[in-house]
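Down below is the structure, laid out as structure tokens.
The values are calculated or read from the model by the stated rules, or taken from the named source; none is laboratory data. These numbers were taken from a predicted model, which means no experiment stands behind them. Neighbour counts are summed over all protein chains in view; Cβ atoms, including those assigned to glycine, are modelled from backbone coordinates with ideal geometry.
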Amino acid sequence: MSFDLKRVLKVMLFASNGPLSVKDIQTAISRFHEQAMGLPLQGEEPASVEGPTDGAAAIESVDPIETLPAPIEDDEYYRDVPSLVTTAQIREAVEAISLELQATESEIVLVEGHHGWRLVTHPRFARWVRLLRNEPPPVRLSATSLETMAVVAYRQPVTRAEIEHIRGVSAEAGLSKLLERDLVYVVGRADQPGRPLQYGTTESFLEFVGIKSLDELPSSDVLSPRQIDAWLQTSNAPQGASDAEMGLDETEQSQLSLEKVEAPAAPTP
């Protein structure tokens, strides 16, 4: 049996303490070849040999059977390991693993996050995990917090005053809850009078909504920066409402204006 990338990735995903990235996988492949060639691993110093200085005594104290590792080629799982595994090959193998898990309705699912792939439990078994860890059920975000989070996600970096201007209500409670849940954080200060704090979304926000980057957010004409800027400018300089916006009949008004123009002038005495 030769090298099987899919099986190797399954083992790596199971043993990884965190998300497994393409770089992590390629680094492991490089370490394999460094060990096969007897080279020191990246970031490691060659091991120094300590023992008797006398050559004869040193030879007698060494058991070649115990110290010499078996050739890697003798293990069927380590044969024909390529020197380079491309990103496309890794993604293809990961996709195959994900499809296999879905086809068998496995209790484990493979998800891709901002930093790589992870094996996680299926949401339908989440309660058993919470019982094992003695954790309370998750608290749902209120409508206020969700609206505030949406404004921050599409507008960031954004100040509290801008959030309140867009929503029309106070954003203090919503921001406090989002900061507590580590869904938003303080990015910096705006170049405005008083230097107000600016807020942006965190990596936990990406996991919360199930995306890898902010570029995957659905397009929104309402919350896009350009539309919001135009809306803020209009709201800051309101204009008088037209007859149509007030629900008046423009045809009737125009007819009244024509009648006034066409009416003959009253005779002078």
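Restricting attention to region 113-141, the residues being of a type in the set (D, E, K, R) and either part of a loop (DSSP other than H, G, I, E, B) or touching a strand residue (DSSP E or B) at 6+ places or on another chain (Cβ under 8 Å) (or both) number 3.
Scanning region 163-194 for residues that are in contact (Cβ under 8 Å) with a residue 40 or more places away in the chain and farther than 20 Å from L214 by Cα yields a count of 2. Given the criteria buried (at least 17 other Cβ atoms within 10 Å of the Cβ), more than 26 Å from R7 (Cβ to Cβ), at pLDDT below 90 and under 23 Å from the mean Cα position of the chain (by Cα), does L146 qualify? Here the answer is no, as L146 does not meet what is asked. Against the list (1) under 24 Å from G194 (Cα atoms); (2) free of Cβ contacts under 8 Å to residues at least 40 places away in the same chain, the condition P157 fails is (2).
Here is a check on your reading of the model: is S30 in a helix (DSSP H, G or I), farther than 30 Å from R124 by Cα and modelled with pLDDT of 85 or more? It is true that S30 is in a helix (DSSP H, G or I), farther than 30 Å from R124 by Cα and modelled with pLDDT of 85 or more. Of all residues being modelled with pLDDT under 90 and of a type in the set (F, W, Y) in region 64-119, which is farthest from V11 (Cα to Cα)? Just the residue, please. The extreme case among them is Y78.
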